[in-house]
Amino acid sequence: MAKELKLMKGNEAIAEAAIRSGCDGYFGYPITPQSEVMEHLMAEKPWEKTGMVVLQAESETSSINMVYGGAGVGKKVMTSSSSPGISLMQEGLTYLAGAELPAIVVNVVRGGPGLGTIQPSQADYFQATKGGGHGDYQLFVLAPATVQEMYDFVFLGWEIAFKYRNPVMILSDGAIGQVMEKLYVGDYVPRWTDEELRKNAPWASFGKPTDRKHHIITSLELDSAKQELHNHKLQAKYREMEEKEVRFEAINCDDADYIFVAYGSSARIAEKAMQLGKEKGYKIGILRLITLFPFPKKKIAELSTKVKGMLAVEMSAGQMVEDVRLAAEFRCPIEHYGRYGGIIHTPQEVLEALEEKIIKRK
Amino acid sequence: MFNQDIVKPENLVYKRTEVLTDNVMHYCPGCGHGTTHRIIAEVIEEMGIQDKAICVAPVGCSVLAYNYFEVDSLGAAHGRAPALATAIQRLNPDKHTFTYQGDGDLAAIGTAETIHACNRGENIVIIFINNGIYGMTGGQMAPTTLVGMKTATTPYGRNVELNGYPLQITELLAQLPGTYLVTRQSVHTAAAVRKTKKAIRQAFENQKNKKGTSFVEVVSNCNSGWKMPATKANEWMVENMFAKYPIGDIKVDGELVQK
Ligand SMILES: Cc1ncc(C[n+]2csc(CCOP(=O)(O)OP(=O)(O)O)c2C)c(N)n1
Ligand code: SF4
Ligand SMILES: [Mg+2]
C-alpha cells in the first residue's frame, strides 16, 4: 500500500481515516475539542470522491440514532463527540449493543463532570468500559496515543465492529485530538458495493429480496427466557474478545521493578517519566493499554508477581486503577496518580508520585 | 354449503396482501393500528416496492410493527425513528424508508427528531398514529390528549394550567419548507380507509419522485386507553378528536391548502 506523509491534528486524522477506510456515513454534532472531525469532512466533500454521506445532526441523540439506522442497514457508519455529547449518546450505544450493530464512536474526552472544561481528560473511562447506558453490555474500546493511531484505529475499528457485530469506541482525549503530528496515510479503500454489503453484513435490513424472509433489527425481546439467551450470546461474544483481541504495548517490562500502567496521553507522559526515573537509577517499565475493553487482565496478573509495585497513571480521580487492582489481585502495591478536571500531569509529577506512593512506601 | 369449485383465481375478490406476515396482531380489537398496517402493506404491494421498503418501528403499541410487515425493518429507541430513517434513506436514496410512530413517540420524546427530519426535508414517509394517549404504557396523557380528557396521569382531566395545550404537531410541521405532503386522515369507516390509503400511496409516490418529507397523520382510537368499547370509541373520536384534529389535507405538493 502506497504511504503518504501528512501533518495533521488527531481529529483531522479521524476524518481522513473515515474517508480512506470506505466509511459510508458520518453523523455528528459540534463540540470542543473534536469539532475538526466534521469540519475536515465537510471541507473534503467526500460525497464527491467516495460517495460518503456526511450530515450535521440536531443533537448527539440524533447523530447516534442516525448511526443506528445506518448500521442496521449494513453500512459502515460512525460519529464522534466529546464527553457531554457522549453522555447524550448512551441511549443509542446500549441499543446498538443490544441489537448487535457494528459502528465506530469516537470520544475525544474533556474534563467533567457536567459541562466541565474543554481541556483534555481521561475521566470517561468508567463510562466507556463499564457500560454507560443500561443493561449488561460492552463496547469494544480502543485507546490511541498518537495521531497515527487515531488514523489506524478507524481501520481496525471497522474490522472489529463487523467481526463481532459490536459498537467500537475510540477513546481519545483533547490532547491527542488537538495535537499535530506527522502520520502516514494509505490508499483509499473503496466503499462496499451492494454485493459486498450483502456478503459482509448478511443480517442487515437492506431491503428484502424475494428469496428470504424479512430481517428485523431490534434490541427488544419481550420473552424473558429468550432475552436471557440473547444476553448469554452477548456475554459469550465479550469473553471471546477477552480471549482473542487484547492489545497492549509492554515497554521495558521484562526486568522492571516498577510499572506505569497507562493509556493514551498519559502513556506518553509516563514514557518521559520512565526516562527521568532511569536517570535516577530506577528500573521502570510501561504497560501501555491499547484495548481498554477487553482489558489485559492476564498481562497485569503476570506482571504483578514480578514487580515491586505499579502506578496507574490516568487523567482522572482513579478509574482504570480499579481494573488494574482487580487484575493484580493485590499481589503487589498498586496506586493511582493523575491530575484531572482538564489539567495534564507532568512527567516530574508522575515520577514523584511513583517515588512517594510506591518506592518509598513503608 | 361451501363449494370448493368456486375457489378459482377469477373468482377471487379479496386477498390478504403478502406484504403482511402471518403473525397474529397483538392490537386490541377495533384499534386503528391494525387497519393502518394493512393499508400501508397494500400500498407497498401495489407499488411493487417490497424489496425497497424499509420500516422503522417506534416504541409504543406499534413497537412490534416489524413482526407484521414482511419488509426489512428496524426497531428504534423511543422517539428516534426519524433519525434512523434520515440515515437509512440518505445512505440508500432509491429505497423507501418509512417510520410508523405514535403521538407520544413522535410529538413528545421525539419532537426534535421529527421537526429536524421534516425541516431538512428528508425524503422519507412518516405515518403518525394520533390516538391522544399513551396506549402502550397503560393510557397516560400524551401531548395530543384533549383538554379535559381523563387519562391515567390526568385522572381529573387534562388541565391546561398543569399540562398545557394539546400539541397540533401536524399543523406545525406543515409550516416547514421541507415537508411536501402533510395530511390528516382516519381509518374508522370504509370511506376513510380508502382516503387514507390514497394519501399513503401519494406519500410513497412523492418519495419515489424525491420530493422531501411526506407526513400522513391518522387520527385513531384507543379503546383500551380511552376505556370505551370500540364502536363507542369511534363515535367519541369523531365528536371530540376530529374537532381538535380536523380531517383533510394541510399541505399538498409543497403548498399549504389550509392555514
Ligand atoms: C426512553 C423511554 N421512555 C419511556 C418509555 C415507555 N414508553 C413506552 S411506549 C410509551 C408511549 C407510547 O405512546 P404513543 O407513542 O402515543 O404510542 P401508542 O402506544 O399510543 O400507540 C412510553 C412512554 C420507553 N420505552 N422509553
Ligand atoms: S392499547 Fe390502544 S393503541 Fe394500543 S392496541 Fe389497544 S387500542 Fe390500540
Ligand atoms: Mg398514542
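Listed values, structure above:
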{"read-out": "Total residues in the stretch B:94-128, condition within 16 Å of ligand 2 (Cβ to nearest atom) and of a type outside the set (Ser, Thr, Tyr)", "value": "10"}
{"read-out": "Some residue of the stretch B:99-111 being more than 12 Å from ligand 1 (Cβ to nearest atom) and either closer than 21 Å to residue B:26 by Cβ or among the hydrophobic types (A, V, I, L, M, F, W, C) (or both)", "value": "no"}
{"read-out": "Residue match in the stretch B:21-37 (condition: within 12 Å of ligand 2 (Cβ to nearest atom), in contact (Cβ under 8 Å) with a residue 24 or more places away in the chain, within 11 Å of chain A (Cβ to nearest Cβ) and in a loop (DSSP other than H, G, I, E, B))", "value": "yes"}
{"read-out": "Test: residue in the stretch A:34-46 that is at pLDDT 95 or above, crowded, with 21+ Cβ neighbours inside 10 Å, farther than 19 Å from residue A:108 by Cβ and facing chain B (nearest Cβ under 9 Å)", "value": "no"}
{"read-out": "Single residue of B:127, B:133, B:115 found to be under 21 Å from residue B:43 (Cα atoms) and β-branched (Val, Ile, Thr)", "value": "B:127"}
{"read-out": "Hits in the stretch B:57-71 (condition: facing another protein chain (nearest Cβ under 7 Å) and within 19 Å of residue B:222 (Cα to Cα))", "value": "B:63"}
{"read-out": "Filter result (in contact (Cβ under 8 Å) with a residue 60 or more places away in the chain, surrounded by fewer than 24 Cβ atoms within 10 Å (Cβ to Cβ) and of a type in the set (Gly, Ala, Ser)) within the stretch B:89-132", "value": "B:121"}
{"read-out": "Given (1) more than 7 Å from chain A (Cβ to nearest Cβ); (2) of a type in the set (A, V, I, L, M, F, W, C); (3) within 14 Å of residue A:204 (Cβ to Cβ), number of the condition residue B:74 does not satisfy", "value": "(1)"}
{"read-out": "Listing of helices (runs of 4 or more DSSP H) fully contained in the stretch B:129-221 that carry 3 or more residues being within 16 Å of ligand 2 (Cβ to nearest atom) and farther than 19 Å from residue B:241 by Cα", "value": "none"}
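Quick grid of which residues meet (1) more than 7 Å from chain A (Cβ to nearest Cβ); (2) closer than 27 Å to residue B:143 by Cα; (3) assigned to a loop (DSSP other than H, G, I, E, B); (4) modelled with pLDDT of 95 or more:
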site	(1), (2), (3), (4)
B:15	yes, no, yes, no
B:39	yes, yes, no, yes
B:43	yes, no, no, yes
B:55	yes, yes, no, yes
B:82	yes, yes, no, yes
B:90	no, no, no, yes
B:94	yes, no, yes, yes
B:106	yes, yes, no, yes
B:118	yes, yes, no, yes
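The values are calculated or read from the model by the stated rules, or taken from the named source; none is laboratory data. Just so it is clear, the structure is predicted and the values come from calculations on it, not from any experiment. Glycine also receives a Cβ, built like all others from the backbone with ideal geometry; neighbour counts cover every protein chain displayed.
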